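Peer 1: Below: one structure in structure tokens.
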Amino acid sequence: MPDLPDKNAIEVHGVRKVFGTGETQVAALDTVSVSIRENEFFTLLGPSGCGKTTLLRLIAGFDFPTEGEILLYGDDIAPLPPFKRPVNTVFQSYALFPHMTVAQNIGFGLEMLGKPKAEIDARVTAMLKLVKMEQLARRRTSQISGGQQQRVALARALAPQPKVLLLDEPLSALDYKLRKEMQIELKRLQHETGITFIFVTHDQEEALAMSDRIAVMSTGKILQVGSPWDIYDRPAERFVADFIGETNFMDAEVISVAGDRATVKLLSGTDISATFPAGTTPDGKVTIVVRPEHARVVAASTKSALSGVIENIVYLGTDTHFHVKLADGSPFIVRQQNSRSGPCGFDKGESVGVDIASDVAQILKD
Amino acid sequence: MARNFSIQRQTGFTTIAVICFVALYAPIVILVVYAFNSGSSIANWEGFSLRWFAQAWNNNQVIEASWRSLRIASAAAVLATIAATMAALATTRTAPYRGLTFKYAFINQPLMVPEIVTAVALLIFFSRIKVATGYSGLGYLILAHTAFCIPFAYLPIRARLEGMDLTLERAAADLYATPWQTFRRITLPLLWPGILAGLMLAFVISLDDVVITNFVKSGGQDTLPTYMLGQLRRAITPEMNAISTVFLLLSVGIVTLFFFISRKQD
């Protein structure tokens, strides 16, 4: 993780957003608080309808919170209209002005700010260079490809040098390869401009690949905020663990807690060590998660934490998934990386052991 | 085998189509042909001549009525288009609410209320104002025409606005454009084809109105259509055919222009 300054660019305090009235009332955001640091690539991640886009719209000023405040470097911007906020947006549909050229689109924000023409021209040229679109300055936006439109939308939003750049699922309209390219491109742009990025996506892979920190959202609430590593390896809640990557849930019982580690007994009778979310003290019956790549299928005769029967083997090129039915009847998935040494050596229906690497289990909040 | 189900293969399709086209266009063709008759009958062909066009051109009453028609139509079309643009913005740039449909109906009222009712109502209304103010200029006709032209201008503008991406206006606001700048720099340029289409439609509708004009006009305020109606009550000469032919060309020209402008939108 890069060294981030502790200054907060955006602070959201107790923001609620309610749509509709009376019985049809829906809380799109339910008392959300979050701080986004200066110069950070921050991602709001969640399924559709979780409130991530609503939160972005409140920061942009396209909507106003029912309750709570939104601070931009300490000033409450929640009541300001969008044109008075030093914050720019890259829209999902790009929203490029079809009656203007690429250069005119990029210069629009600066023009509206009343900057002198020479400054606008210089800045537009610099932005075109930044997004590698110098040759297409005079084109109409309808005459360029989707990926190019994406770059223009980025350049247009970055040109006025906003304090915060908001990105509303900007990569979702691109095909897989272009999306991968733009992920790297976005990281580069964020690094070069030094602007705080707030990125909205429902794609967990995208979030893990680009973010400094991620906020996982569900039904109007922020469930967990942390680095990609935190979110993936130390999920605090079932939803977070389930939404990001594949995972195995297991029932267990806490035996002892020492420092930041707990010892839990699995249904199979084996004791393993597990981490738990900061600020909680696990006890009694708990749910633990183990990522599929942190377990290994071993011969039944080998001493292992779990045992079961292989129900299915899925070969995926880079790795192989073993769907194992454990002795207690619950399913367990193991992901093993493939080498060129040939087939895995196990068969469907074979009784096997499942070994869990040390220190990979995480206890969830109740 | 979609062709087998094509409506064009239904029995009698061709016959009905031909009857419809003949009924629609034969009278117009005959009208245009007799505009070039050298004799003074609109039924007996006596040879080709442009004399009736010349006569109409030299008829001061025709020229005067034509100018009056054009002036009223221009003013009414512009006023109606401005009103219609504002109405269209107000009815598309809000979240749907109760009574919105009612408001559509209200704006399109002239399409539903029989013209003769509006005509009588305006006659009574304006005559009071005439007595009270003493003003008897073209203003009444312009106002009346504006009123019934609004829905014709409104419909293409609204259609254009509904097809417009609202995110564009949001993007402009995000890029520091005030609401007025957003309207002038984004909404208006994108709406322009719709506004032009509305303007032309309103112009053509105003140009050939007879009923309301006849009721509302003061003495000496004949428009071209009411002048022609007056003439037909006396002697019918191919001069009327000649005027109609020119009128037809003008309307067809404007409607064609309208067609090309609306096609350019895509």
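Peer 1: Of all trypsin sites (Lys or Arg not before Pro) in region A:25-124, which ones are in loop regions per DSSP and have a Cβ with at most 15 other Cβ atoms within 10 Å?
Peer 2: Here no trypsin sites (Lys or Arg not before Pro) fit, given the DSSP loop and packing criteria.
Peer 1: Kindly express, to the nearest 10 degrees and within the range 0 to 90, the angle between helix B:13-34's C-alpha long axis and the longest C-alpha principal axis of chain B.
Peer 2: Helix B:13-34 sits roughly 60 degrees off the main axis of chain B.
Peer 1: Can I ask one more? Compute the Kirkwood hydrodynamic radius of chain B, taking the inverse of the mean of 1/r over all pairs of distinct Cα atoms, and give it in Å to one decimal.
Peer 2: In chain B this quantity evaluates to 21.7 Å.
Peer 1: Output ³J(HN,Hα) for region B:131-143: one whole-Hz value per residue in order, computed from phi by the Karplus curve 6.51 cos²θ - 1.76 cosθ + 1.60 with θ = phi - 60°, and x for Gly and Pro.
Peer 2: Per residue, the Karplus-derived 3J(HN,Hα) values read 5, 5, 9, x, 7, 9, x, 6, x, 5, 4, 4, 4 Hz.
Peer 1: On to the next question. Using a basic spin-label model with each label point 7 Å from the Cα along Cα→Cβ, how many nm lie between A:E11 and B:V210?
Peer 2: With each label placed 7 Å out from Cα toward Cβ, I get 7.7 nm.
Peer 1: Can you list residues from other chains, or at least 5 along the same chain, whose modelled amide H is less than 5 Å from the amide H of A:Q224?
Peer 2: Here the answer is A:V216, since their amide H atoms fall under 5 Å of that of A:Q224.
Peer 1: Quick one: which residues, 5+ away or cross-chain, put their amide H under 5 Å from the amide H of A:V90? H built at 1.01 Å from N.
Peer 2: Residues meeting the criterion, in which the H sits 1.01 Å from N, are A:L166, A:L167, A:D168.
Peer 1: So, one more: So which trypsin sites (Lys or Arg not before Pro) in region A:188-237 are both in a DSSP loop and have at most 12 other Cβ atoms within 10 Å of their Cβ?
Peer 2: none
Peer 1: Sorted from largest down, what three extents in whole angstroms do the Cα atoms of region A:246-363 have along their principal axes?
Peer 2: Principal axes ranked by extent give 45, 25, 20 Å for the Cα atoms.
Peer 1: Return the ratio Rg/(2.2 N^0.38 Å) for region A:8-238, where Rg is computed over Cα atoms only.
Peer 2: Rounded to two decimals, the normalised Rg is 1.02.
Peer 1: Using helices alone, I'd like the mean residue ellipticity at 222 nm for chain B: each DSSP H run of four-plus residues gives -39500 (n - 2.57), total over residue count, nearest 500.
Peer 2: -24000 deg cm²/dmol
Peer 1: Would you kindly derive the ³J(HN,Hα) couplings of region A:351-366 from the backbone phi angles with the Karplus curve 6.51 cos²θ - 1.76 cosθ + 1.60 (θ = phi - 60°), listing them in order in whole Hz, with x for Gly and Pro?
Peer 2: Going residue by residue, I get 7, 9, x, 10, 9, 9, 4, 6, 6, 10, 7, 10, 8, 8, 5, 4 Hz, with x marking Gly and Pro.
Peer 1: Per residue of region A:304-310, in order, report the coupling 6.51 cos²θ - 1.76 cosθ + 1.60 (Karplus, θ = phi - 60°) as ³J(HN,Hα) in whole Hz, putting x for Gly and Pro.
Peer 2: 8, 5, 10, 9, x, 10, 6
Peer 1: Taking every Cα atom in region B:160-215, find the radius of gyration and the maximum pairwise distance Dmax, and write them in Å.
Peer 2: That works out to 16.8, 53 Å for Rg and Dmax.
Peer 1: Towards the positive end of the charge dipole of the protein assembly as shown, with charges on Cβ (+1 Lys, Arg; -1 Asp, Glu), say which of B:A197, A:S268, B:Q61 has the farthest Cα.
Peer 2: Of the candidates, B:Q61 comes out farthest on the positive side.
Peer 1: Search the structure for amide H atoms under 5 Å from the amide H of A:S304, placed 1.01 Å from N in the peptide plane, and list their residues when 5 or more places away or on another chain.
Peer 2: So A:S304 has HN proximity to no qualifying residue.
Peer 1: Work through the residues other than B:Y34 whose Cβ is under 11 Å from its Cβ and net out their charges, Lys, Arg +1 and Asp, Glu -1.
Peer 2: -2
Peer 1: Let me ask something else. Please label the shape of region B:9-85 as rounded, prolate or oblate, based on the square roots a ≥ b ≥ c of the eigenvalues of the alpha-carbon gyration tensor (a/c under 1.5 means rounded; beyond that, a/b larger than b/c means prolate, else oblate).
Peer 2: It comes out oblate by the Cα gyration axes.
Peer 1: What are the radius of gyration and Dmax of the protein assembly as shown, computed over its Cα atoms and given in Å?
Peer 2: Final numbers for Rg and Dmax: 36.8, 118 Å.
Peer 1: Also: Using a cut-off of 14 Å between beta-carbons, work out the net charge of the residues near B:P151 (Lys and Arg +1, Asp and Glu -1, B:P151 not included).
Peer 2: Charge balance near B:P151 sits at 0.
Peer 1: Any idea what % of Cα-Cα pairs in region A:294-351 are farther than 17 Å?
Peer 2: 32
Every number in this text was worked out from the coordinates using simple rules, so none of it is lab data. Because the structure is a prediction, the values reported are computed rather than measured. Cβ sites come from the backbone with ideal geometry, for glycine too, and all protein chains shown count toward neighbours.
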